[in-house]
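The values are calculated or read from the model by the stated rules, or taken from the named source; none is laboratory data. In this text, all values refer to a predicted model and were calculated from it rather than measured experimentally. Please note: Cβ atoms are built from the backbone with ideal geometry, for glycine as well, and neighbour counts cover all protein chains shown.
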Amino acid sequence: MTRSPMPPPGRGPSRLPPRPPSDGLGWAAVPLVTVGLGSPVSFLYAAVRRRSAGMAVAAAGYAAALTAAYEAIEARGDRPHTYGMLLLLGTWLVSTMHALGARQRLYPPADPSDQRNRRVVEAARYRRTLRAEARRIALEDRGLAHELRIGRPDFDPRAYDDGGLIDVNHAPPQALRLLPGVTPELVDRIVRCRAEHGAFISAEELALQADLPPRIVPDLAEYGLFLT
């Protein structure tokens, strides 16, 4: 069976929480820094991103203005050249002001509480990926799992982040207390049952043997590691 590459000690999976949403400042600066030449592309991007007919019209208008400006600049005579330069300058100024004015509508600032909630949710999802990767390592390579101290928060310090796994069959009572929903009384049951019957193979067997409440079984399955 082909095995996926293991992460080096001290590092979790390569997946990282996503970046915060853009504030649109880079988009609004395109017309300014390109002297208006990037305006059609910039507003066309906004039209596609926001599905805005108004942005599409603006993109077409700036493209037409730039085309007319360059045709006038290349025409013979001083007057067309002057008109072309003025039209190019006007397109630059108008498109820059338009982009700056439309920025907050296209990229509205997120509510701080919403941002905080999103970060919390993404962090929880990331911790879930850490647990899944650590569980895979533990099941495929017991020696590496032992070296990384997966499921053993009682060993300190630990360089490898396993996302909060607890090795139910080997962790001491103080580590078992970290399992969600497990009270000191339930820890005593688990330790006593473990000593009498040996290692458990699943959260369901643990709950049955130690007479644990069914409501905590999903959390035991998520955070418990059952290495025999």
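Key figures for this structure:
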quantity: Verdict on Val94 being at pLDDT 95 or above and over 30 Å from Tyr223 (Cβ atoms); calculated: yes
quantity: Test: residue in the range 173-187 that is surrounded by 13 or more Cβ atoms within 10 Å (Cβ to Cβ), among the acidic types (Asp, Glu) and part of a helix (DSSP H, G or I); calculated: no
quantity: Unique residue being closer than 15 Å to Arg135 by Cβ and either in a loop (DSSP other than H, G, I, E, B) or touching a residue at least 12 places away in the same chain (Cβ under 8 Å) (or both) when the list is Leu206, Leu220; calculated: Leu220
quantity: Per-region count, the range 30-51, residues over 11 Å from Thr91 (Cβ atoms) and either acidic (Asp, Glu) or in contact (Cβ under 8 Å) with a residue 12 or more places away in the chain (or both); calculated: 11
quantity: Hits in the range 64-100 (condition: among the basic types (Lys, Arg) and either surrounded by 12 or more Cβ atoms within 10 Å (Cβ to Cβ) or in a helix (DSSP H, G or I) (or both)); calculated: Arg79
quantity: Yes/no for Asp162 being over 30 Å from Glu122 (Cβ atoms), at pLDDT 95 or above and either in a loop (DSSP other than H, G, I, E, B) or of a type outside the set (Ser, Thr, Tyr) (or both); calculated: no
quantity: Odd one out for His170, checked against (1) over 31 Å from the mean Cα position of the chain (by Cα); (2) in a helix (DSSP H, G or I); calculated: (2)
quantity: Per-region count, the range 28-50, residues outside any helix (DSSP H, G or I) and farther than 9 Å from Tyr62 by Cβ; calculated: 4
quantity: Filtered residue count, the range 192-228, keeping only those that are surrounded by fewer than 16 Cβ atoms within 10 Å (Cβ to Cβ) and hydrophobic (A, V, I, L, M, F, W, C); calculated: 5
quantity: Selected residue (criterion: nearest to Ala28 (Cα to Cα)) from residues of the range 75-91 that are at pLDDT 90 or above and out of contact with any helix residue (DSSP H, G or I) (no Cβ under 8 Å at 6 or more places or on another chain); calculated: Leu89
quantity: Single residue of the range 126-159 satisfying the filter (free of Cβ contacts under 8 Å to residues at least 40 places away in the same chain and not in a helix (DSSP H, G or I)) that is surrounded by the most Cβ atoms within 10 Å (Cβ to Cβ); calculated: Arg152
